[in-house]
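As structure tokens, the structure follows; a few thoughts come after it.
The values are calculated or read from the model by the stated rules, or taken from the named source; none is laboratory data. Remember, it's a predicted structure, so these values are computed and weren't measured experimentally. All Cβ positions, glycine included, derive from the backbone under ideal geometry; neighbour counts span all protein chains shown. With ligands, DNA and RNA removed, areas are computed over all heavy atoms of the protein, side chains included. Shrake-Rupley method; radii C 1.70, N 1.55, O 1.52, S 1.80 Å.
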Amino acid sequence: MNRGAGPSAGESVAVRYTRVISVVVVLIVAVWHFGYDSLILVRGWSRYEPAWAALASWLVLSAVQLVGSVLLLRGALRGPPAPLLTCVALLAGVVAVAAYPRGGAISDLSWAANTVGWFGVLLLAQRPMRELVALLACTVALTTVALGAHGELGTGEAWARLIAQSYTTAGIQLAFVLLSRELHHAARLTADAARAQADRMARRAAGEALHAERRRRYRYLRDRIAPLLHELAEGRAHPGDEGVRRASAIEAARLRRLFAETEDADHPLLHELRACADVAERRDVDVTFVCYGELPDLPVAVRRRLTDGPILALASARNTARVTVVVTAGEVTVGVVADASAGAVPRAVRSAGTSVLFDEKENLLWLESRWRLPVPRSTSASSTTTRW
């Protein structure tokens, strides 16, 4: 399994989750600034000193909010724009706080420090945590300076109000970012765990398939190859006998086909036919291949049916053999013409359970296997036939 081909499952889930959180943050800041801040600004318009400074700050923050939201949704806030926009928002907040009337730093007229904190969530949530903490500390310091400038920090009640205000603004904003990051991390871990489990299941399935394939090979060796080897070992079959040599060539070709079935090839049928032909070529048989048309994906069982006949023909060939594969719109045809003796034909017929055409004058064995391609949107089953 190629892990380097693309992003991992955890990364994909993290990207989707980050986008959802970004949309939520954009909505929160938009509703907060254009709704809550606008209402406070309009209600206390006559009490700001001067009012135009509060309005200018609101307009600057509106521009920062729009630009920051677009950049966040496009994933472009990890670079220099985020700190720059944050500084602009903080300066606008300083101007707005400076326009508060006496006693307005913590009142129904105060809005800037809390809003700048939410802008920090918008602009700095995907950056190092220390930047957001520094901004929230600045918002708390801004309110503290405003209270001190108006002489309102001399009582315990003022400090209590400041602590409560900081907790309900900067504390909530910091908790929101921390929670979103923890959920982001948990989502990624969950996706990676699911990916790891899927990999384990895939490896287990591959191992079981490999074990089943090995058992199939062992059964083949036991049922087909072992009896022939026992006959040779016990002297009941002589290596010089033409029938024994032909049977050995047939089983060797089938064994080569068996191993070729599990190999990765662009055209498995041609690959298996070449593996079968290799056994004939080791006997100095000149084998040529011709292929017409684009081969479709064929199941293993179909490829075996198409190659069973060619194996017999190639095993019977003396000097030359020609393998032709023709693909048309309706079927796949594999034909073999090989020079063989007349005595080879009955054995081939008995072994394969099929019919052959033998030209006694030319000593040519001609064999042809066909498989009809499935008809699109048809419930009729495809069949494999052999014509001679």
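Filtered by the rule that a residue be under 16 Å from Ser110 (Cβ atoms) and open to solvent by less than 40 Å² (accessible area, probe 1.4 Å), the stretch 154-171 gives Ala158, Leu162, Ser166, Thr169, Ala170. Selection over the stretch 61-82 of residues that are part of a helix (DSSP H, G or I), more than 16 Å from Trp32 (Cβ to Cβ) and touching a helix residue (DSSP H, G or I) at 6+ places or on another chain (Cβ under 7 Å) gives a count of 5. Within the stretch 60-93, the set of residues being of a type in the set (S, T, N, Q) and crowded, with 23+ Cβ neighbours inside 10 Å comprises Gln65, Thr86.
What residue, among those in the stretch 345-362 that are open to solvent by 70 Å² or more (accessible area, probe 1.4 Å) and either closer than 19 Å to Ala321 by Cα or at pLDDT 75 or above (or both), is farthest from the chain's Cα centre (by Cα)? That would be Lys361. Candidates Leu124, Leu183, Leu132: the one that is open to solvent by 50 Å² or more (accessible area, probe 1.4 Å), touching a residue at least 40 places away in the same chain (Cβ under 8 Å) and farther than 16 Å from Val60 by Cβ is Leu183. Considering only the stretch 88-100, I want to know if a residue exists there that is part of a loop (DSSP other than H, G, I, E, B) and not aromatic (Phe, Trp, Tyr). Among the residues of the stretch 88-100, at least one is part of a loop (DSSP other than H, G, I, E, B) and not aromatic (Phe, Trp, Tyr), which makes the answer yes.
Please specify each residue of the stretch 255-285 satisfying the condition of being of a type in the set (D, E, K, R) and surrounded by fewer than 20 Cβ atoms within 10 Å (Cβ to Cβ). Let's see the steps before the verdict.
Step one: filter the stretch 255-285 for residues of a type in the set (D, E, K, R), giving 256-257, 261, 263-264, 266, 272, 274, 278, 281-284.
Selection gives Arg256, Glu261, Glu263, Asp264, Asp266, Arg274, Asp278, Glu281, Arg282, Arg283, Asp284.
Of the residues Ala141, Ala137, Ala76, Ala98, only one is in the same structural domain as Arg47 (by TED's automatic domain parsing) and under 23 Å from Arg43 (Cβ atoms); which?
Values: Ala141 fails: under 23 Å from Arg43 (Cβ atoms); Ala137 fails: under 23 Å from Arg43 (Cβ atoms); Ala76 fails: under 23 Å from Arg43 (Cβ atoms).
Exactly one of Ala141, Ala137, Ala76, Ala98 is in the same structural domain as Arg47 (by TED's automatic domain parsing) and under 23 Å from Arg43 (Cβ atoms), namely Ala98.
Could you tell me which residue of the stretch 22-51 is farthest from Leu183 (Cα to Cα), considering only residues that are open to solvent by less than 40 Å² (accessible area, probe 1.4 Å) and among the aliphatic types (A, V, I, L, M)? Applying the filter and picking the extreme gives Ala51.
Hey, could you check the stretch 287-306 for residues that are without any contact (Cβ under 8 Å) to a residue 60 or more places away in the chain and surrounded by 12 or more Cβ atoms within 10 Å (Cβ to Cβ) and say which is nearest to Leu365 (Cα to Cα)? Checked the stretch 287-306; the qualifying residue nearest to Leu365 (Cα to Cα) is Val287.
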